[in-house]
Amino acid sequence: MSRMVVSHACGHIAAGVVILFSLEAGMMRAQPTVANLSTRQGELRIGNKTSYPIRVVVTKADGSLEGAFWDFAPGEGSLQGVRLALDDKPVVMVEGDVITVFSVDGSRRYWGPNILGKTNAPFWDGKRRVWNTVLRP
């Protein structure tokens, strides 16, 4: 496994986050830093307003969830997003957790990685206590 510190990539990664990338497995894992710890925690909602089928990959900064993914059809959850859950329990996210999205149709579309609380998306809705993002074309 090779290790690299990323300070800026496509305008979507904040300074101070260590990304581990395994070329064999094709997986990324964020290492938490002191700046990543937060009390802003809540469910994650994702919507897909694109015409592409997508895969959403979630990696928790604390290592408790690594490489979990959900597939979305084109237009799925485009109005309010779909709550991500495992075993019927919501996935609770905090600042510093990482979300990466890519198309699964061979078009090579890619969004992220997005680091909660550090990048523009997903955004924190403090009133509803939820992280939310809708992918747009």
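The values are calculated or read from the model by the stated rules, or taken from the named source; none is laboratory data. This one's a predicted model, so the numbers in the text were calculated from it and none came from an experiment. All Cβ positions, glycine included, derive from the backbone under ideal geometry; neighbour counts span all protein chains shown.
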Qualifying residue in the range 40-52 (condition: assigned to a strand (DSSP E or B), small (Gly, Ala, Ser) and surrounded by 14 or more Cβ atoms within 10 Å (Cβ to Cβ)): yes
ALA61 fails exactly one of (1) surrounded by 17 or more Cβ atoms within 10 Å (Cβ to Cβ); (2) at pLDDT below 50; (3) not in a strand (DSSP E or B); (4) not polar (S, T, N, Q), namely (2)
Report whether or not ARG108 is surrounded by fewer than 16 Cβ atoms within 10 Å (Cβ to Cβ), touching a residue at least 12 places away in the same chain (Cβ under 8 Å) and either of a type outside the set (Asp, Glu) or not in a strand (DSSP E or B) (or both). no
Counting just the residues of the range 82-95 that are over 15 Å from ASP62 (Cβ atoms) and within 14 Å of the chain's Cα centre (by Cα), which one comes out surrounded by the fewest Cβ atoms within 10 Å (Cβ to Cβ)? ALA85
List every residue pair whose Cβ atoms lie under 7 Å apart, where the two residues are 6 or more positions apart in sequence or sit on different chains, the first residue falls within the range 72-86 and is under 9 Å from LEU44 (Cα atoms), and the second residue, located anywhere, is aromatic (Phe, Trp, Tyr). LEU84/TRP70
Yes or no: PRO74 modelled with pLDDT of 50 or more and of a type outside the set (D, E, K, R)? yes
Failed item in (1) in a loop (DSSP other than H, G, I, E, B); (2) within 16 Å of the chain's Cα centre (by Cα); (3) not β-branched (Val, Ile, Thr), with GLU76 passing the rest: (2)
